[in-house]
1. Which FRET efficiency value, to the nearest 0.05, do you get for Ser310 and Arg84 by plugging their Cβ-Cβ distance into 1/(1 + (r/R0)^6) with R0 = 45 Å?
2. If I stretch the segment between Glu98 and Asp222 completely, what's the gain in nm (0.36 nm per residue apart, minus their alpha carbon distance), one decimal?
3. Relative to the Cα centre, what is the charge dipole magnitude of region 194-238, using +1 at the beta carbon of each Lys and Arg, -1 at the beta carbon of each Asp and Glu, and rounding to the nearest 20 debye?
4. Shape call for region 144-223 from the C-alpha gyration tensor, a ≥ b ≥ c root eigenvalues: rounded (a/c under 1.5), prolate (a/b greater than b/c) or oblate?
5. Positive end of the dipole of the chain, charges at C-beta (+1 Lys, Arg; -1 Asp, Glu), about the Cα centre: which of Ala330, Asn178, Thr342 has its Cα farthest in that direction?
6. Which of these, Leu111, Leu237, Leu375, has the largest mean-square fluctuation under a Gaussian network model of the chain (Cα springs below 10 Å)?
7. What whole number of Å gives the distance from the Cα centroid of region 126-191 to the Cα centroid of region 1-67?
8. Order Glu148, Glu161 by their accessible area, 1.4 angstrom probe, all chains in place, largest first.
Amino acid sequence: MDVPTLAELQALVRLRRQNAHDEEIALDFLMKSTQLFVTRKEKCWWCLPEKRPIATEMLHIFSIAEQTSRIIDYKTALAEQLARCTTCIGHYYESKAELRVRYSQIYSAGLVDNFFLGIEQWDANRIAQSLCQAMAGDSASGLIVLFEALCSATNLLYYPEVAAATVKYITSRIDAGNPPKIGTRLLPGVMALCVHDDLRIQQWACRSLKPVNSKHTQISADSIVDVFACLLKELALRAKSRTPYALSSSGALPPHIDKVNFPFSSDVSLWSGLRMVLGKLSDQSKQDLLLKLDGYPVIVLQLVMGLTGSDFVEGLRAFAGIIGAADRRAVWPKISQHLKITPADFAQVVLKHQAVRGHFYSDTTEPADLSDDGLRDLRRKLKPALEWVLPFINSL
């Protein structure tokens, strides 16, 4: 059988999409596409626009229960291909999201969920295994696998084997004096690790985010909603919130949020991590996110009001990052309705709080140091206690 050309496969993709329920067309497409992509071992499937629709349509193979040699060869080739190119990895996850939207218009919700959960589980097993192998092998290939683990928050939040392998790989690199460097791209998985319970991992993640400039970094709310939805669910549990809307009143929660299995930080570092992540989002991304997850201001403030000492200041700073982007027409009416706290009540609590007031007092009777260094030190001392003021005013 002759190997089909790209043009022939592109025509088959169009035919397949026009006849989504025709299994004969689907099998013909899969047979011919695996000939080109698997038998000839094409290096990149996803980063070239002319190949991407074919590669995306080939994911239909995951709906076939029978594991023939051809299907096994396809999955092996796909795994090898994703371990070579970070650009392909990014397009792979984007293509899966686009395919889910299209399949949702064709098949039942149950079929679509099961299909993509099957791919997710395959991805999770593959990534966890590859990270474990990378610790004893090539560091360059390990970084590519790490990139994939962090590329989608789903990998870490819902699959503990991936989170465990990721933590182990990063820790091994830190111990060897060669912590992984991931550049200036804002990856959802790194955001999740900023609120991880392992302090060394959290510190690595926060340091990795430092070079990211929110003004020049665009990330869609859809790509990070899992991170913030799962964290909000954790916060709501800690707040013992029974408010029906506490997570979202817009139906924006991920479909499998109940399966979240991630060790969130249990101390003040949770608030500093949340503040770091919020600070790396553009104003538009934060606004879009809070429209989807409008329970954030209420749940976070409910928890912050119960904090003491320096924990209160860190929680306050995180809350400032939230109300600064929340819908100003709704944020305080909702807070007032559910917590019985008005803006004036909030301001009084903050201004009277011992942890905040402590930033304004000095234990020395020496004259104030008004030199450049002295003023910089004063700024560092006062900033945490005053960071909330402008976002608070803008929320009114």
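1. Working: r = 46 Å, r/R0 = 1.03.
It comes out at approximately 0.45.
2. Values: separation 124, 0.36 × 124 = 44.64 nm, distance 1.19 nm.
In short, 43.4 nm is gained.
3. Working: 6 positive and 5 negative charges, 51 e Å.
Charge dipole of region 194-238: 240 debye, to the nearest 20.
4. Values: a/c = 1.80, a/b = 1.23, b/c = 1.46.
Oblate is the answer for region 144-223, as a/c is 1.5 or above yet b/c matches or exceeds a/b.
5. Result: Thr342, furthest along the dipole toward the positive end.
6. The residue that fluctuates most here is Leu375.
7. That distance is 30 Å.
8. On the way: Glu148 5, Glu161 65 Å².
Solvent-accessible surface, decreasing: Glu161, Glu148.
The values are calculated or read from the model by the stated rules, or taken from the named source; none is laboratory data. Bear in mind the structure is a predicted one, so any value in this text is a computation, not a measurement. Backbone-built Cβ (ideal geometry, glycine too); neighbour counts: all protein chains shown. In case anyone asks, the SASA skips ligands and DNA or RNA and just uses the protein heavy atoms, side chains included. Shrake-Rupley method; radii C 1.70, N 1.55, O 1.52, S 1.80 Å.
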